[in-house]
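Have a look at the structure below before the remarks.
The values are calculated or read from the model by the stated rules, or taken from the named source; none is laboratory data. As the structure is a computational prediction, the values presented were derived from the model and not from experiment. In this analysis, Cβ positions are derived from the backbone assuming ideal geometry, glycine residues included, and neighbour counts consider all displayed protein chains. Keep in mind that these areas ignore ligands, DNA and RNA; they rest on the heavy atoms of the full protein, side chains included. Shrake-Rupley method; radii C 1.70, N 1.55, O 1.52, S 1.80 Å.
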Amino acid sequence: MQQIRYSKDRTAQTAVWMLVAIIFGVTLFTISSGKGAFIGVVFAAIGIFGFPAMVRYAFGDGVVLEYDHTFVTHHGVLRSSRIRWDEVTDIEVESQSVNFIRTNRFLKIKGPFNFLGYAWVTEKLLDKRDRPVEKLADEIIAFLENPAPVARQAPAGGFGQAMPDTRSSGVIGEGPGAPRAGGFGRKGL
C-alpha cells in the first residue's frame, strides 16, 4: 500500500490559521452589520470547515492518499472515500491562480469520491518527499502501469523438491567427494 502524506508542520500551521479565521470571523460578525457581518460568517465558515481536517492531519499520521493496484483511498476534509481504480476517469495537475499569480497546485483524481466528483491533494501541504505534485502524479501513473506483483508459485513437487540436495556431494558442478582447492569456492594456483 502506497501512502501520500501531508507535512505535520504545514498542517499544524494551517490549523492555527484556521483557528485565527474562526476567531476573526466571529469577532467581525459580532461587531459589524451588513457586509462586514457577511465577511465574518465566511471567515468563520472557512475556519470551521478546515480546522478539524488540519488537526487530524497534524496530530494523526498525515496520510491524505493511499493506493495499491486495486483501490485508491482519499482521506478528505469530511470523510475518507475508497474507490476502485477502474472508477477513476482522469488524473491531472491543476494550478490555482489569483490575479495571474500562481498560488497553489493540486493533484486531482477524478472519480466518485464525493459530490464534487474528484479527490484533490494540495501541493503546499505535501510532505517534502512527495513534492512537487507533477512528480507525484508521474509516480502514481508509473505505479499503476506496472503489473501487480504476483505471488510466488510453488513448483509442481512443492518447494522441498525444487532443487536437488547437494549438501553431501560438495559444490555444485564437482563430483561427490572431490577435494576443494582454495577458499570460498575458488580454484587454487
Just grab the label-to-label distance for ILE39 and THR122, each label 7 Å out from Cα along the Cβ direction, in nm (one decimal).
2.1
Along the Cα→Cβ direction, 7 angstrom out, place labels at ILE31 and LEU144. What is the inter-label distance in nm?
5.0
Amide H neighbours of ARG5 at under 5 Å, excluding residues fewer than 5 places away on the same chain, with H built from the backbone geometry, are VAL64, ASP127
Which order do TRP85, TRP17, TRP120 take by accessible area at a 1.4 Å probe, largest first?
TRP17, TRP120, TRP85
Put ILE46, ILE91, ILE31 in order of accessible area, largest first, 1.4 Å probe: what do you get?
ILE31, ILE46, ILE91
Lysines within cross-link reach of LYS124: Cα-Cα under 17 Å, excluding same-chain residues under 8 positions apart?
LYS8, LYS108, LYS135
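Where a ≥ b ≥ c are the square roots of the eigenvalues of the C-alpha gyration tensor, would you call segment 59-144 rounded, which needs a/c under 1.5, or, failing that, prolate if a/b is larger than b/c, or oblate?
Working: a/c = 1.42, a/b = 1.39, b/c = 1.02.
Judged from the Cα gyration tensor, segment 59-144 comes out rounded (a/c under 1.5).
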